[in-house]
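Before any comments, here is the structure.
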Amino acid sequence: MYRLLKSLLFLLPPEQAHYFGMNSLKFILKIPFLNRIFRFENISTVEFCGLTFKNKLGIAAGFDKNANYITELIAIGFGYVEIGTVTPKPQEGNPKPRLFRLQNDEALMNRMGFNNDGCDQVVENLKKHLERDYIIGGNIGKNKTTPNVDAHRDYRICFEKLYPYVDYFVVNVSSPNTPNLRELQDKDMLVEIFDSLQEYRSLQATYKPIFLKIAPDLGQEQLEEILSVYNEKHIDALIVANTTIDYNVLNHDKKFALDQKMGGISGRIMKNKSNDIISYLKSKNSNMKVIGVGGIDDKASADEKSNLGCDLIQVYTGFIYRGTSLIQEILASKPTYA
Ligand SMILES: Cc1cc2nc3c(=O)[nH]c(=O)nc-3n(C[C@H](O)[C@H](O)[C@H](O)COP(=O)(O)O)c2cc1C
């Protein structure tokens with residue numbers, strides 16, 4: 001069924017298709033009989049960092065930036081939803097067009113630039129989910145106009161405001177579309193951000209895990225720094241990885257990507273980059289907790305991440321190309337741990 005829907009959606013520009021598709025799903029799920037068609041039976045829950053996830057498969061950050069489609073994403077089978085990236089103040093993001101389908105590579109290229117309604121509005125949207133049996137993660141970032149030296153303040157603002165409404169946090173320092181954001185992956189900057197968030201958390205009655213989302217383009221030296229921050233700051237888990245700016249991963253659409261000049265690439269062509277980083281980190285610390293994301297587009301690629309030791313996984317681009325059939329394929333089977 002998604003094949004037919006996809007041929008219609010792909011007639012629209014990608015961003016329009018996104019909102020049209022999700023608003024249509026919202027409408028369909030209000031029809032009493034139809035809201036049952038996606039139910040899954042006997043899916044194993046996952047315990048991770050003290051939280052119980054309905055299943056291991058989440059929708060990655062960027063898909064539901066403003067927490068508008070959580071109910072629908074859970075209804076079609078996702079085990080959890082990571083909202084955001086949310087910034088303190090609302091911002092429009094980069095000029096359109098800023099999202100491209102690279103269909104020959106089954107990839108996406110985006111330079112959205114953290115378009116979002118700001119954390120006050122997102123909090124209002126999250127208030128509809130106070131009573132729930134599913135996990136919501138809050139992926140947080142800084143406004144474009146905030147200089148890196150003050151970035152820790154932006155993360156703290158989002159953290160404090162969202163704290164009562166989400167179950168875990170993600171410090172996103174790895175989007176390629178906010179100028180210089182990736183410099184926040186340097187040790188000193190990370191320590192400053194985590195010190196501030198952990199200080200606030202230590203004063204709260206409930207402990208909420210904080211994850212760090214990293215880029216797939218980090219060299220060995222930078223990965224060593226990440227490892228040392230992970231250990232020193234007792235970071236709860238890493239999310240590996242954000243989109244790549246290495247256009248060499250593209251087999252067919254490299255020239256198009258190079259002509260665009262700016263944007264992160266996602267989808268199956270970045271799978272190996274993401275897996276290589278996960279393997280490297282796990283080889284250094286086999287107990288490290290990692291959520292695997294990047295290039296999952298079938299059961300085999302989902303199992304690859306599980307076999308690398310990722311208890312949780314996430315998808316974005318695979319879902320655009322394969323729709324709900326991808327969720328069904330991944331969840332209908334047990335992961336085969338090596
Ligand atoms: C259009 C688009 C927007 C995204 N926005 C965000 C974002 O706001 N924050 C974030 O941490 N990751 C963002 N991502 C990255 C995804 O969460 C994910 O890490 C990446 O796409 C790799 O997974 P995939 O190959 O399954 O797409 C975005 C990805 C896409 C395609």
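Given the conditions (1) over 20 Å from the mean Cα position of the chain (by Cα); (2) within 15 Å of the ligand (Cβ to nearest atom), report the number of the one that ASP276 does not fulfil.
That leaves (1) as the condition not met.
Of all residues in the range 289-298, how many are within 13 Å of the ligand (Cβ to nearest atom) and surrounded by fewer than 21 Cβ atoms within 10 Å (Cβ to Cβ)?
Residues that pass the stated criteria total 1.
Just one of LEU258, LEU281 is assigned to a helix (DSSP H, G or I), buried (at least 18 other Cβ atoms within 10 Å of the Cβ) and more than 10 Å from the ligand (Cβ to nearest atom); which is it?
LEU281
Cβ-Cβ distance below 8 Å, separation of 6 or more or different chains: which pairs start in the range 295-316 with a residue that is closer than 18 Å to GLY267 by Cβ and end on one that is of a type in the set (D, E, K, R) and part of a loop (DSSP other than H, G, I, E, B)?
ASP297/GLU106; ILE313/LYS56; VAL315/ASP297
Among the listed residues SER286, SER306, SER301, which satisfies the condition of being within 14 Å of the ligand (Cβ to nearest atom) and surrounded by fewer than 24 Cβ atoms within 10 Å (Cβ to Cβ)?
The match here is SER301.
Could you check the range 218-255 and list, in sequence order, the residues that are touching a strand residue (DSSP E or B) at 6+ places or on another chain (Cβ under 7 Å), aliphatic (A, V, I, L, M) and assigned to a loop (DSSP other than H, G, I, E, B)?
ILE235, ALA241, ILE245, LEU250
Which residues, taken from the range 309-330, are in contact with a helix residue (DSSP H, G or I) (Cβ under 7 Å, 6 or more places away or on another chain), away from the ligand (no atom under 14 Å from the Cβ) and either aromatic (Phe, Trp, Tyr) or over 13 Å from LYS56 (Cβ atoms) (or both)?
Within the range 309-330, THR324, SER325, GLU329 qualify.
Could you grab me the full set of residues in the range 210-235 that are of a type outside the set (A, V, I, L, M, F, W, C) and within 16 Å of the ligand (Cβ to nearest atom)?
LYS213, PRO216, ASP217, listed by residue number.
If you check ILE74, ILE70, ILE83, ILE157, which single one turns out to be more than 10 Å from the ligand (Cβ to nearest atom), touching an Asp or Glu at 6+ places or on another chain (Cβ under 7 Å) and more than 30 Å from LYS255 (Cβ to Cβ)?
Sole residue among the options that is more than 10 Å from the ligand (Cβ to nearest atom), touching an Asp or Glu at 6+ places or on another chain (Cβ under 7 Å) and more than 30 Å from LYS255 (Cβ to Cβ): ILE70.
Working only within the range 57-91, note down all residues that are within 9 Å of the chain's Cα centre (by Cα) and small (Gly, Ala, Ser).
Selection gives GLY58, ALA60, ALA61, GLY62, GLY84.
Could you please let me know if TYR2 is under 24 Å from PHE211 (Cα atoms) and either within 15 Å of the ligand (Cβ to nearest atom) or aromatic (Phe, Trp, Tyr) (or both)?
No, not satisfied.
Since every read-out is calculated from the coordinates, none of them should be taken as a lab result. Quick caveat, the model's predicted, so the values are computed rather than measured. Every residue, glycine among them, receives a Cβ derived from its backbone with ideal geometry; neighbour counts consider all protein chains shown.
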